[in-house]
Each structure stands twice: as C-alpha cells, then as structure tokens.
Amino acid sequence: MSRPIYIPGLLFCLLLILGNQWADASFEPYSIALEGSDEQISMTPIKGGTFQMGSAKTSSSSPVHEVIIDDFWIGTYEITWDQFELFLYREIDDVQTSSKGGISMDIDAISGATMPYVNFNRPGYPAICMTQYAASQFCKWLTAKTGNFYRLPTEAEWEYACRGGTTTDFSAPKNQLADHAWFAENSDGQLQKGGQKAPNPWGLYDVHGNATEWVLDTYQSNYDHLKDKNQNPVHLEEELYPHVVRGGSFRDTKEELTSWARGYSTAAWKKQDPQFPKSLWWHTDATHVGFRIVRPLKTPDSQTMESFWINPIEEY
C-alpha cells in the first residue's frame, strides 16, 4: 500500500530539485538590449542573503541591524547619459522589442522628461543632475520597453550589493581604494567615465565614488524606524526632501565613500533652477548625483510596482 504513495512523493521531490536548478540557471548576468540604438545595460545577479547593515561609527548609520535581502539583479555600471537620453528624447519608443518580458504597459502613458538646463553628455559618463523622480521614471519607461520590472534599489539592497560580501568599511582595502574609486583626492574635481576602476567583489563598478546614487528610501536620521523591518526593508514617504543617496561622489573624501555612509537630497540642489514652479526632473546643482537600476528576481504585483515608481511632487 505504501508504494503508490512513496513513488509520487519521490518524483515530486525530484521535480522540485530540478525546478530549483532551472530557476538558478536563469539567474545569470545579462544585458538589456535597447533596440533601435547601440546601447545595452549590463545587469549582475546578486544572490540574496543576510547581512549586518550600517555602522556604529556614526549615528546616522546606527544602529547596526540584521537585514534579509531577496535575490535581485543590479546594474553593473551607473546609468550613462547615452542610455538616459533614450528615455529623454523618446526616439526608440516605437521600436518593437524582440524579447519582450511578461509586463505589458502603455509606454505613451509614461511622463516624458523636460530637457536638461545644461547638457553634460559625454559618452560613457554617468547621467547626473536628475531628480529621484526622473531616475524612477527612467525605470518605469525601461519596464514598458522590455516587459521586465525595473526600479531604483532600496537602501538596503544598495548597501548589500556595495559590500559585495565584505564586512569592512569599503569593499576593497582602504589603502587600495584609489584603484577602485574616484574621489576628491584623485578625480581632479570632475566626474569620470564609468567603469575605469576595478569592480567590487561582486563585479559592480563605481559603487564607491564617481556619481553618488539615488536609492528609493526617504532619509531618516538613523535606522530606528527599521528595527522591526528586517526583511527587504524600504522606507517611503511622500516628502520632497530628504531622500537617500549612497556611495559618495568624485568630490567627496575617502571617508565619505564607505559602504555604509549615507547622504541625502536638499532644496539647495535646485538653488539655480530658473523655473517656477521648480522642475520635477532636474537638480541644477546636483552635478554629483546619478543612479543605477535594479530588477528583483521575483516580480511583484502591479500595485507594488506602482508604489516603487515615485510620484511627482511639485516644488514652489
């Protein structure tokens, strides 16, 4: 009597194991082909896990707390101007994508960005000066183009990826940081072309320095608000300022580039904005701010996706 029950159970386990192997096999590095252009965005798979987020060295990065992160892909490099301008000018919107994912969206319904006040484009350089909303809308546009869900990283995902499995202040030895990062002492006070320095242990370039990077979270002065949210934490509020940026930039010192250091947006980043009301899309004085993108391995429902694409907030 036990045999008919035993065999299906064994088959079920075998199929489960094989199914997991197939799932893991698909979790590989890939490139997003932006058809209608020569541009591709390289994506690196980050296996989820548990890590100690923050540092006891500063109050803003304390308390150190345990965080659990699910699997996701993250941009190998910061988004470049050439890639961002495809969203800005919308010249490839009508080009059909040959490998469409499972998400169907009306690309014409996605807000188009205004033109930048100053064109900083140099091939291969990180796109800068955009607001968090503009960076988020690039992700939404990319989702509509490809059929796969893209968004900004959460602060926790960003730190987990930046650390690359390390537990020290940097993902490289501090005395070798100049081989991995652009910062005040070696950048000549200028943004640099992406990908010229060595990557971190998980193959990500420019996580320390060059352009500081937008993440999703609204800034709080410490991590007390996340003490009870240890699994895929994110803190979203509908306030214009402050929002978190991570990684430091070409104009910061070494000490401001640590894996755990936190920066945040301020109204001063729009000080020279001539518009009234001020632009939803550009921070005239944030020539050090860029971003990279994330794709979770598990695609969320449509309501959750929408919550990760920032709503516009007018500034007067």
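The values are calculated or read from the model by the stated rules, or taken from the named source; none is laboratory data. Not measured: the values here are computed from a predicted model. Cβ sites come from the backbone with ideal geometry, for glycine too, and all protein chains shown count toward neighbours. These accessible areas exclude ligands, DNA and RNA; they are computed on the full protein's heavy atoms, side chains included. Shrake-Rupley method; radii C 1.70, N 1.55, O 1.52, S 1.80 Å.
Things worth noting here:
- Qualifying residue in region 56-64 (condition: among the charged types (D, E, K, R) and buried (at least 20 other Cβ atoms within 10 Å of the Cβ)): no
- For region 153-204, the candidate set comprises residues that are of a type in the set (Gly, Ala, Ser) and touching a Gly at 6+ places or on another chain (Cβ under 7 Å); within that set, the residue that is nearest to Thr258 (Cα to Cα) is Ser171.
- Every pair of residues 6+ apart whose Cβ atoms lie under 8 Å, when the first sits in region 261-278 and is under 16 Å from Ile128 (Cα atoms) and touching a residue at least 12 places away in the same chain (Cβ under 8 Å) while the second is open to solvent by 60 Å² or more (accessible area, probe 1.4 Å) and among the charged types (D, E, K, R): Gly263/Glu256
- Residue, least open to solvent (accessible area, probe 1.4 Å), within region 212-257, restricted to residues that are assigned to a loop (DSSP other than H, G, I, E, B) and free of Cβ contacts under 8 Å to residues at least 12 places away in the same chain: Lys229
- Condition broken by Gly36, with the remaining ones in (1) open to solvent by less than 30 Å² (accessible area, probe 1.4 Å); (2) more than 29 Å from Pro242 (Cα to Cα) satisfied: (1)
- Selected residue (criterion: surrounded by the most Cβ atoms within 10 Å (Cβ to Cβ)) from residues of region 282-308 that are closer than 18 Å to Tyr241 by Cβ and not β-branched (Val, Ile, Thr): Phe291
- Taking first residues from region 190-211 that are acidic (Asp, Glu) and partners that are crowded, with 17+ Cβ neighbours inside 10 Å, the Cβ contacts under 6 Å between residues at least 6 apart in sequence or on separate chains come to Asp206/Glu78; Asp206/Gly194.
- Selection status of Ser279, open to solvent by less than 10 Å² (accessible area, probe 1.4 Å) and more than 18 Å from the chain's Cα centre (by Cα): yes
- Within region 65-80, the set of residues being over 19 Å from Phe291 (Cβ atoms) and open to solvent by 10 Å² or more (accessible area, probe 1.4 Å) comprises His65, Glu66, Ile68, Asp70, Asp71.
- Residue count, region 124-145 (criterion: part of a loop (DSSP other than H, G, I, E, B) and either in contact with a Ser or Thr (Cβ under 7 Å, 6 or more places away or on another chain) or among the hydrophobic types (A, V, I, L, M, F, W, C) (or both)): 5
- Some residue of region 51-69 being acidic (Asp, Glu) and within 22 Å of Cys139 (Cβ to Cβ): no
- Some residue of region 260-280 being at pLDDT below 95, in a loop (DSSP other than H, G, I, E, B) and within 28 Å of Asn148 (Cα to Cα): yes
- Members of region 135-150 found to be open to solvent by 10 Å² or more (accessible area, probe 1.4 Å) and either more than 19 Å from Ser104 (Cβ to Cβ) or in contact with a helix residue (DSSP H, G or I) (Cβ under 7 Å, 6 or more places away or on another chain) (or both), listed by number: Lys145
- Residue that is most open to solvent (accessible area, probe 1.4 Å) [pool: residues in region 196-209 that are farther than 16 Å from Ile74 by Cβ and assigned to a loop (DSSP other than H, G, I, E, B)]: Gln196
- Within region 81-123, the set of residues being outside any loop (DSSP other than H, G, I, E, B) and surrounded by 16 or more Cβ atoms within 10 Å (Cβ to Cβ) comprises Trp81, Asp82, Gln83, Phe84, Glu85, Leu86, Phe87, Leu88.
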